[in-house]
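Undergrad: Can you read through this structure? Questions will come right after.
The values are calculated or read from the model by the stated rules, or taken from the named source; none is laboratory data. Every value quoted in this text rests on a predicted model; they were computed, and no experiment measured them. Positions of Cβ are generated from backbone atoms using ideal geometry, with glycine treated the same way; all protein chains shown enter the neighbour counts.
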């Protein structure tokens with residue numbers, strides 16, 4: 001296990017905490033995902049404020065699970081604020097009503113969607129067009145192996161990382177092992193937004209480069225739960241009424 | 001109809017817009033209420049930042065409908081931030097699961113609840129103890145007459161308004177007619193937080209005194225809906241990634 005300079009939540013504990021919030025905690029997934037996605041959008045606005053003029057194009061890579069849902073919510077807030085222009089790549093859609101609803105909300109905002117990996121690559125190869133990439137592919141419940149088209153996508157981002165826009169990872173840099181960190185495939189994220197609390201791989205992310213930026217978001221757990229999961233220190237880092245904090 | 005210095009949404013239009021968001025708009029009530037309640041909490045933090053030391057006691061008056069739900073969500077955020085100490089008065093509970101869940105979330109945060117109007121009056125008579133009162137009793141679907149215990153409660157607040165803490169009204173000053181404004185019973189709010197868009201009575205609120213403060217929150221409608229309901233001007237007032245704006 002990695003020794004972090006901050007308290008972390010293992011994949012197993014994170015799944016347990018999420019389950020607890022949605023059972024005895026009486027939160028709905030709609031609520032939690034709304035707050036998580038809003039925190040992602042807020043952290044992006046703070047770290048990568050939009051340049052003036054044309055709305056900044058943001059490519060949102062959406063995975064099949066809850067991490068993808070957080071990305072969809074973040075895309076909606078960014079679009080609503082008016083200064084970003086998100087476009088989705090969401091190749092493996094979940095049939096669940098919540099996800100269909102999140103997609104419908106984005107369609108109503110005229111958020112576009114790329115249908116093929118070739119379109120994604122072409123867009124990214126168009127130097128300077130995309131200002132930011134949101135990696136909401138896999139979260140803390142990810143288990144290898146990575147299947148297509150995600151493997152090809154992450155490999156492309158990895159190989160081209162010095163030529164393309166910065167990657168902002170939601171909760172986990174996709175492809176990484178939640179507890180152990182990097183595997184043979186690295187999406188090369190510039191920024192990580194840990195949700196609820198950092199997972200062990202967040203420590204490896206921070207150590208992987210001086211310019212790596214790490215935020216915390218998803219401010220919805222109470223002191224008792226924080227104590228139970230030994231993450232009080234990290235929750236205490238939030239200031240005032242902020243929904244996010246730069247760690 | 002009142003002529004406002006800003007565009008407003010009549011009771012009928014507000015109900016129609018809400019219905020549209022939750023049908024063709026594909027929003028869940030959980031999502032919308034979470035964002036509305038968060039906006040209320042954010043506006044309170046901005047206008048009445050907590051004094052240091054003991055968390056500021058806030059009395060949250062919760063009505064039987066959605067306006068009450070917004071108050072419950074606001075109370076949770078205020079409590080989670082740590083610098084406010086909300087206490088509820090929620091005499092007519094809705095049996096609906098969403099409301100039971102919102103109450104459970106507050107119980108898990110050790111938010112207390114007053115059981116009788118006598119307790120409410122005693123608390124408010126204890127000069128200086130309560131720093132702020134949130135009026136989330138009635139929203140845009142309110143129709144007179146006001147029933148007990150709300151009538152007695154609002155009368156008490158009205159009569160004692162210069163001796164007690166400021167009242168922050170959520171969307172509508174309770175007791176007011178949504179389209180026409182004041183009736184014979186006035187909760188004497190110091191601050192109004194209009195959700196989605198101001199209702200016609202908001203203009204009367206602003207005109208009713210120089211020190212009346214008016215915020216807008218609930219930033220979730222797209223330009224097409226704003227255009228359809230003729231409230232583009234008001235939606236354009238939001239800045240950057242702010243969830244609220246002082247009007």
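Undergrad: Against the conditions (1) within 27 Å of residue B:237 (Cα to Cα); (2) surrounded by fewer than 19 Cβ atoms within 10 Å (Cβ to Cβ), where does residue A:74 fall short? Just the number, please.
TA: (2)
Undergrad: OK, next. For the stretch A:144-167, what are the residues that are farther than 16 Å from residue A:117 by Cα and in contact with a strand residue (DSSP E or B) (Cβ under 9 Å, 6 or more places away or on another chain)?
TA: A:144, A:161, A:165, A:166, A:167 - these are the residues of the stretch A:144-167 that are farther than 16 Å from residue A:117 by Cα and in contact with a strand residue (DSSP E or B) (Cβ under 9 Å, 6 or more places away or on another chain).
Undergrad: Return a yes/no flag: does the stretch A:239-247 have any residue that is buried (at least 23 other Cβ atoms within 10 Å of the Cβ), more than 14 Å from chain B (Cβ to nearest Cβ) and in a loop (DSSP other than H, G, I, E, B).
TA: No, the stretch A:239-247 contains no residue that is buried (at least 23 other Cβ atoms within 10 Å of the Cβ), more than 14 Å from chain B (Cβ to nearest Cβ) and in a loop (DSSP other than H, G, I, E, B).
Undergrad: While we're on this one: Only residues that are touching a strand residue (DSSP E or B) at 6+ places or on another chain (Cβ under 9 Å) and within 8 Å of chain A (Cβ to nearest Cβ): list them for the stretch B:1-37, please.
TA: B:35
Undergrad: Here's something else I'd like to know. Looking at B:178, B:170 in this structure, which one is touching a strand residue (DSSP E or B) at 6+ places or on another chain (Cβ under 8 Å) and away from chain A (no Cβ under 14 Å)?
TA: Just a single option satisfies the conditions, and that option is B:170.
Undergrad: Give the residues of the stretch A:68-95 that are outside any strand (DSSP E or B), in contact with a helix residue (DSSP H, G or I) (Cβ under 9 Å, 6 or more places away or on another chain) and more than 10 Å from every other protein chain (Cβ to nearest Cβ), sorted by residue number.
TA: Answer for the stretch A:68-95, where residues must be outside any strand (DSSP E or B), in contact with a helix residue (DSSP H, G or I) (Cβ under 9 Å, 6 or more places away or on another chain) and more than 10 Å from every other protein chain (Cβ to nearest Cβ): A:68, A:69, A:70, A:71, A:72, A:74, A:75, A:90, A:91, A:92, A:93, A:94.
Undergrad: Given the structure, is residue A:153 within 24 Å of residue A:247 (Cβ to Cβ) and either buried (at least 17 other Cβ atoms within 10 Å of the Cβ) or touching a residue at least 40 places away in the same chain (Cβ under 8 Å) (or both)?
TA: Spelling it out, it is not the case that residue A:153 is within 24 Å of residue A:247 (Cβ to Cβ) and either buried (at least 17 other Cβ atoms within 10 Å of the Cβ) or touching a residue at least 40 places away in the same chain (Cβ under 8 Å) (or both).
Undergrad: While we're on this one: From the residues in the stretch A:38-67 that are outside any helix (DSSP H, G or I) and at the interface with another protein chain (Cβ under 10 Å from one of its Cβ atoms), which one is nearest to residue A:172 (Cα to Cα)?
TA: Per the criteria, the residue is A:49.
Undergrad: Name the residues in the stretch B:108-133 that are closer than 30 Å to residue A:20 by Cβ and either under 20 Å from the mean Cα position of the chain (by Cα) or surrounded by 13 or more Cβ atoms within 10 Å (Cβ to Cβ) (or both), would you?
TA: Once the filter is applied, which keeps residues that are closer than 30 Å to residue A:20 by Cβ and either under 20 Å from the mean Cα position of the chain (by Cα) or surrounded by 13 or more Cβ atoms within 10 Å (Cβ to Cβ) (or both), the stretch B:108-133 yields B:108, B:109, B:111, B:112, B:113, B:114.
Undergrad: Further question: Of all residues in the stretch A:171-206, how many are farther than 24 Å from residue A:126 by Cβ and touching a residue at least 60 places away in the same chain (Cβ under 8 Å)?
TA: 18
Undergrad: Considering only residues that are outside any helix (DSSP H, G or I) and within 14 Å of chain B (Cβ to nearest Cβ), which ones fall in the stretch A:96-115? Please lay out each step first, then the result.
TA: Restricting attention to the stretch A:96-115, the residues satisfying the condition of being outside any helix (DSSP H, G or I) are A:96, A:109-115.
Hits for the stretch A:96-115 are A:96, A:109, A:110, A:111.
Undergrad: Which of the helices (runs of 4 or more DSSP H) found entirely inside the stretch A:116-209 contain at least 3 residues meeting this: more than 25 Å from residue A:232 (Cα to Cα) and at pLDDT 95 or above?
TA: Once the helices (runs of 4 or more DSSP H) in the stretch A:116-209 are filtered for at least 3 residues that are more than 25 Å from residue A:232 (Cα to Cα) and at pLDDT 95 or above, what remains is A:117-125, A:150-159.
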